[in-house]
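Novice: Please see the structure below; I have some questions.
The values are calculated or read from the model by the stated rules, or taken from the named source; none is laboratory data. From a predicted model like this one, the values you see are computed outputs, not experimental measurements. For neighbour counting, all protein chains shown are included, and Cβ atoms are generated from backbone atoms with ideal geometry for every residue, glycine included.
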Amino acid sequence: MTIACSILAAQEPSVSIFKHFVVAGGWITWFVLIPLSVISLGMMLHYLLTIRRGTLAPVKLGRALVNAARQGQREVVAELTREDESLLGVGTFAAVSQLDRGVEAAKAAADEAIEERVTRLFRRIEYLNVIGNVSPMIGLFGTVVGMIQAFNTIFAAGGGMPQPSILARDIAVALVTTFWGLLIAIPALTAFAIFRNRVDAYAAESIKLCDGLVAKLSEGPSAEKPQDSRVPVEAK
């Protein structure tokens with residue numbers, strides 16, 4: 001009996017937290033804000049796995065491309081990047097494809113290919129920015145709904161004392177929806193800024209490396225020793 005009472009006592013705070021921060025928010029929390037938070041979390045986890053150095057500017061690929069370019073192996077560079085979907089791979093393949101038209105044309109092709117891929121990435125992560133800006137407004141909408149209900153409860157009392165439980169329920173709707181709106185917005189906007197900066201950084205590194213590869217391929221085979229070769233893209 002004592003053990004059962006202890007278990008119930010330990011579970012009581014969890015039930016209370018769920019009731020106050022979820023149930024009390026009403027339909028706006030249940031059907032709008034909570035699904036929005038799940039979507040936002042899923043997007044952040046997805047971008048955490050896809051927007052990283054290994055998928056956008058792989059160090060291993062960069063080293064292989066530099067070694068091939070120093071030996072003047074244009075066909076090897078093209079073969080390594082033909083099916084590669086990273087920023088580095090797309091930019092390098094575009095540059096090699098236009099290298100016969102000159103160095104400037106090859107660099108311009110690399111810049112264009114990388115910028116196109118960057119624009120597509122920005123469109124994807126823009127949804128986090130939208131969620132981060134919309135969720136506080138949804139929370140504010142819930143605040144307005146809760147306050148309207150609270151004033152209606154006071155008005156229905158006819159000048160007397162409104163029932164505290166009903167008034168507290170209406171005020172809870174106003175506060176809980178605001179809480180959820182901010183809880184969604186802060187991580188979403190933070191993640192959006194982080195992923196946007198990552199894409200910018202990896203795009204700049206890829207463009208710089210592509211320009212170096214074009215210069216090496218245009219010069220022909222180099223006499224440098226392979227062990228001295230270094231890639232400007234550093235692993236993090």
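Novice: Within segment 50-62, count every residue that is without any contact (Cβ under 8 Å) to a residue 12 or more places away in the chain and crowded, with 19+ Cβ neighbours inside 10 Å. I'd like the intermediate steps shown before the answer.
Specialist: Within segment 50-62, the subset without any contact (Cβ under 8 Å) to a residue 12 or more places away in the chain is 50, 54, 60.
Applying the additional criterion that residues be crowded, with 19+ Cβ neighbours inside 10 Å yields none.
Residues meeting the conditions: 0.
Novice: Identify all residues within segment 16-55 that are more than 23 Å from Phe192 (Cβ to Cβ) and among the basic types (Lys, Arg); write none if there are none.
Specialist: The one that is more than 23 Å from Phe192 (Cβ to Cβ) and among the basic types (Lys, Arg): Lys19.
Novice: Where residues in segment 165-194 are of a type in the set (S, T, N, Q) and under 35 Å from the mean Cα position of the chain (by Cα), which of them is farthest from Leu33 (Cα to Cα)? Don't jump to the end; show me each part of the working.
Specialist: Taking segment 165-194 as the starting set, the residues that turn out to be of a type in the set (S, T, N, Q) are 165, 177-178, 190.
Add one more test, that the residue is under 35 Å from the mean Cα position of the chain (by Cα), and what stays is 177-178, 190.
Numbers: Thr177: 8, Thr178: 10, Thr190: 18 Å.
Among those that are of a type in the set (S, T, N, Q) and under 35 Å from the mean Cα position of the chain (by Cα), it is Thr190.
Novice: Are any residues in segment 125-164 under 17 Å from Val32 (Cα atoms) and of a type in the set (Ser, Thr, Tyr), and if so, which ones?
Specialist: Within segment 125-164, Tyr127, Ser135, Thr143 meet the criteria.
Novice: Follow-up. Starting from residues that are of a type in the set (Gly, Ala, Ser) and in contact with a Leu (Cβ under 9 Å, 6 or more places away or on another chain), keep the ones in segment 29-57 and report whichever is nearest to Phe18 (Cα to Cα).
Specialist: Only one residue fits best here, namely Ser37.
Novice: Give all pairs with beta carbons closer than 9 Å in which a residue from segment 147-165 that is exposed (fewer than 13 other Cβ atoms within 10 Å of the Cβ) meets a residue that is of a type in the set (Ser, Thr, Tyr) and at pLDDT 80 or above; count only pairs at least 6 apart in sequence or on separate chains.
Specialist: Listed by first residue and then by second, the contacts come to Gln163/Thr153.
Novice: Within segment 177-202, restricting attention to residues that are closer than 30 Å to Ile148 by Cα and not aliphatic (A, V, I, L, M), which residue is surrounded by the most Cβ atoms within 10 Å (Cβ to Cβ)? Let's see the steps before the verdict.
Specialist: Taking segment 177-202 as the starting set, the residues that turn out to be closer than 30 Å to Ile148 by Cα are 177-189.
Checking the rest, the ones that are also not aliphatic (A, V, I, L, M) come to 177-181, 187.
Values: Thr177: 28, Thr178: 19, Phe179: 19, Trp180: 25, Gly181: 26, Pro187: 16.
Among residues in segment 177-202 that are closer than 30 Å to Ile148 by Cα and not aliphatic (A, V, I, L, M), the one surrounded by the most Cβ atoms within 10 Å (Cβ to Cβ) is Thr177.
Novice: Since Leu65 meets every condition but one in (1) surrounded by 13 or more Cβ atoms within 10 Å (Cβ to Cβ); (2) farther than 16 Å from Lys208 by Cα, which condition does it not meet?
Specialist: For Leu65, the failing item is (2).
Novice: A further question follows. Is there any pair linking a residue in segment 70-95 that is touching a residue at least 60 places away in the same chain (Cβ under 8 Å) to one that is crowded, with 16+ Cβ neighbours inside 10 Å and of a type in the set (Lys, Arg), with Cβ under 7 Å and at least six apart or on different chains, and which?
Specialist: Listed by first residue and then by second, the contacts come to Arg70/Lys216; Leu87/Arg117; Ala95/Lys107.
Novice: Return the total of residues in segment 96-107 being closer than 14 Å to Ala204 by Cα and free of Cβ contacts under 8 Å to residues at least 12 places away in the same chain. Talk me through it step by step, then tell me what you get.
Specialist: Of the residues in segment 96-107, the ones closer than 14 Å to Ala204 by Cα are 107.
Cutting the leftovers down to free of Cβ contacts under 8 Å to residues at least 12 places away in the same chain gives us none.
Selection size over segment 96-107: 0.
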